[in-house]
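The values are calculated or read from the model by the stated rules, or taken from the named source; none is laboratory data. Because the structure is predicted, anything quoted here is derived from the model rather than measured. With ideal geometry, Cβ positions are generated from the backbone for all residues, glycine too; neighbour counts draw on all protein chains shown.
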Amino acid sequence: MTDELHDLDVRDNPADRRYEALLGGRVVGFSQYRLIGERVVFLHTEIDPGLAGRGAGTQLVQAALDDIRSRGRRITSKCPFVSAWLERHPEYADLVAPPGT
C-alpha cells in the first residue's frame, strides 16, 4: 500500500446505497449495494483508474465488510470484484448469506 492510500477513508453512504472510498475528501471508489432486510447485496464496485492495482479496492471491500459484520448483517455478492475478494479471504465467509435467504 502506498503512503497516499494510508489516508483512504471508507464510509457507508446509505442515501446513495454505497460504500465510498475517499481520499482527501474526494470519492475515489465505491461499492454499490441494495439492502434487503438485514442483508447487503453488493452489485458493483468501481475504483478510480489512477488507483487501480494499488490496494484501494481491497481497502474499500474490507472496510465495508468489517462495517457490515459490526452491524450483525450478512451479504450476498452479485459484484465480480467483491466475489473475487471473498474467495481470497475465507475469514469473511461467515458473512455470506446462505442461498435462498
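Here are some notes:
- Options A97, A52, A15: the member that is surrounded by 13 or more Cβ atoms within 10 Å (Cβ to Cβ) and out of contact with any Cys (no Cβ under 9 Å at 6 or more places or on another chain): A97
- Of all residues in the stretch 26-49, those that are within 13 Å of S83 (Cα to Cα) and without any contact (Cβ under 8 Å) to a residue 60 or more places away in the chain have Cβ atoms under 7 Å from Cβ atoms of residues that are aromatic (F, W, Y) and assigned to a helix (DSSP H, G or I), 6 or more apart or on another chain, in T45/F81.
- Scanning the stretch 41-71 for residues that are closer than 20 Å to P99 by Cβ and either out of contact with any Leu (no Cβ under 9 Å at 6 or more places or on another chain) or at pLDDT below 95 (or both) yields F42, L43.
- Restricting the stretch 18-40 to residues that are closer than 13 Å to I75 by Cα and β-branched (V, I, T) leaves a set whose member that is surrounded by the fewest Cβ atoms within 10 Å (Cβ to Cβ) is I36.
- Of the set (1) more than 19 Å from R74 (Cβ to Cβ); (2) assigned to a strand (DSSP E or B), all apply to A15 but (2).
- Enumeration of residues in the stretch 1-50 that are touching a Gly at 6+ places or on another chain (Cβ under 9 Å), among the β-branched types (V, I, T) and within 15 Å of V61 (Cβ to Cβ): V10, V28, T45, I47
- Candidate set: the stretch 1-12, residues that are surrounded by 15 or more Cβ atoms within 10 Å (Cβ to Cβ) and aliphatic (A, V, I, L, M); chosen: the one nearest to A97 (Cα to Cα): V10
- When every residue of the stretch 76-95 is checked against the conditions, at least one turns out to be hydroxyl-bearing (S, T, Y), modelled with pLDDT of 95 or more, part of a helix (DSSP H, G or I) and at negative phi.
- Any hit, the stretch 62-75, residues being part of a strand (DSSP E or B) and in contact (Cβ under 8 Å) with a residue 24 or more places away in the chain: yes
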